Amino acid sequence: MQKTVAALEDKKNVERWKNVVSLEGFGEPASEYLIKALKDEDRWVRYLAADALANIGATKAVDALIKLLKDPEQDVRFAAAASLGKLGDPKALTSLQEVMKNDNGYVKIAAEEALAMISK
């Protein structure tokens, strides 16, 4: 895993994309590195990291994903909302409701679906 983590510093975006996807395969032990990747300069790294965190069930990422709901990139906000829905933590309810009021398009749909998943 350390080689994959080190490659997250690669200057090529495509290499960081591949390594974020690879980290998902390590499960929960990779969550701290994926949380760090949520702050990457590349939107697709942030998007993929959010998705990976949800797929491994990294509930400790909820606070970081809530912050990501304010990302300037619509795709990243979508991934954050969808990931929060998968993780199902009620702590995200208020933030997702704000997205419903203030965002548009598919981000709003992802927030609506996330709210439904959390409210089950």
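The values are calculated or read from the model by the stated rules, or taken from the named source; none is laboratory data. The structure presented is a predicted model; accordingly, all values stated were derived computationally and were not measured. Here Cβ is always computed from backbone atoms with ideal geometry, including for glycine, and neighbour counts include all displayed protein chains.
Given the criterion of a type outside the set (Val, Ile, Thr), at pLDDT below 95 and surrounded by 14 or more Cβ atoms within 10 Å (Cβ to Cβ), identify the matching residue among SER31, SER22, SER95, SER83.
Criteria check complete, one pass: SER22.
Please find, within the range 98-109, the residue that is surrounded by the most Cβ atoms within 10 Å (Cβ to Cβ) out of those that are farther than 17 Å from TRP44 by Cα and modelled with pLDDT of 95 or more. Looking at residues that are farther than 17 Å from TRP44 by Cα and modelled with pLDDT of 95 or more, I get VAL99. Restricting LYS39, LYS67 to those that are of a type in the set (Lys, Arg), modelled with pLDDT of 95 or more and part of a helix (DSSP H, G or I) reduces the list to LYS67. Within the range 40-54, being under 10 Å from the mean Cα position of the chain (by Cα) and either more than 14 Å from SER22 (Cα to Cα) or not acidic (Asp, Glu) (or both) holds for VAL45, ARG46, TYR47, LEU48, ALA49, ALA50, ALA52, LEU53, ALA54.
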